[in-house]
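First comes the structure, then the notes that go with it.
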Amino acid sequence: MRFKAHKYGAVAIAATLSLTFAGADMSGAFAQSLDQSDTATQPLSGEGTPVAPIFISREVIQPIPASEQETRPDNAGSLADLVARTEGDTGLSEQMQCLAGAVYFESRGEPLAGQLAVAQVVINRAGSERFPQSYCGVVHQRGQFSFVSNGAMPRIRTESPAWQRAKAIARIAHEGLWESEAGDSLYFHARYVRPDWSNRKIARATISRHVFYR
């Protein structure tokens, strides 16, 4: 599971300027930088007398209130819990529509782990130099996804629970909120077929009816 760290605080760095007098006709000055060590340095004057104490404002980590932790989507105990917590009713960008569409058409009958794995493959491809550099480019690439016909997706039943889950899975995968068993996979196929290319790839995971490869 991946979590996003939330940190609140501020760091202030103070610097001191100490003056040293060598005699009535000579004077000099130097500036001393302070790092963020645990103990502040107290420079001495020419007479060996400590100057005023130096106070350094340290970084403060403010704990997240328990009530907020309980509602954060990345604090879920299971993928199903995370899907239930993830907002799926908001409008999707074109790229996220493509990602959710791939999940919907390729794996809506699969367990959530299998749906997440399909989304992860699309994301991995978009980040690989061997494939188009966007979700829509990956999904609509010729000959890659059988549900795409003439460069377009079929109609989606947007009122269905399957589409709501697909949208949630797409967001979870895109934001890296849950680690997929597919890992760095770039390919997958149904278990009831055995394409020639599978012999030249490294199998990463088998989830329900799909096998995923690097």
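Rule-based calculations on the coordinates, nothing more; no lab input. Note that the structure is a prediction, hence the values are computed from the model and not measured. FYI the Cβ positions are ideal-geometry reconstructions off the backbone, even for glycines, and counts take in every protein chain you see.
Before moving on, here are some points about what is shown:
- Using θ = phi - 60° in the Karplus curve 6.51 cos²θ - 1.76 cosθ + 1.60, the 3J(HN,Hα) couplings for the stretch 109-116 round to x, 8, x, 4, 4, x, 5, 5 Hz; x is entered for Gly and Pro.
- Backbone geometry of the stretch 198-204 corresponds, through the Karplus equation with coefficients 6.51, -1.76 and 1.60 at θ = phi - 60°, to 3J(HN,Hα) couplings of 5, 6, 9, 10, 9, 5, 9 Hz, x marking Gly and Pro.
- Each other residue within a Cβ distance under 11 Å of I156 adds +1 if Lys or Arg and -1 if Asp or Glu, for a net charge of +3.
- For Y187, residues with placed amide H under 5 Å, excluding near neighbours: Y213
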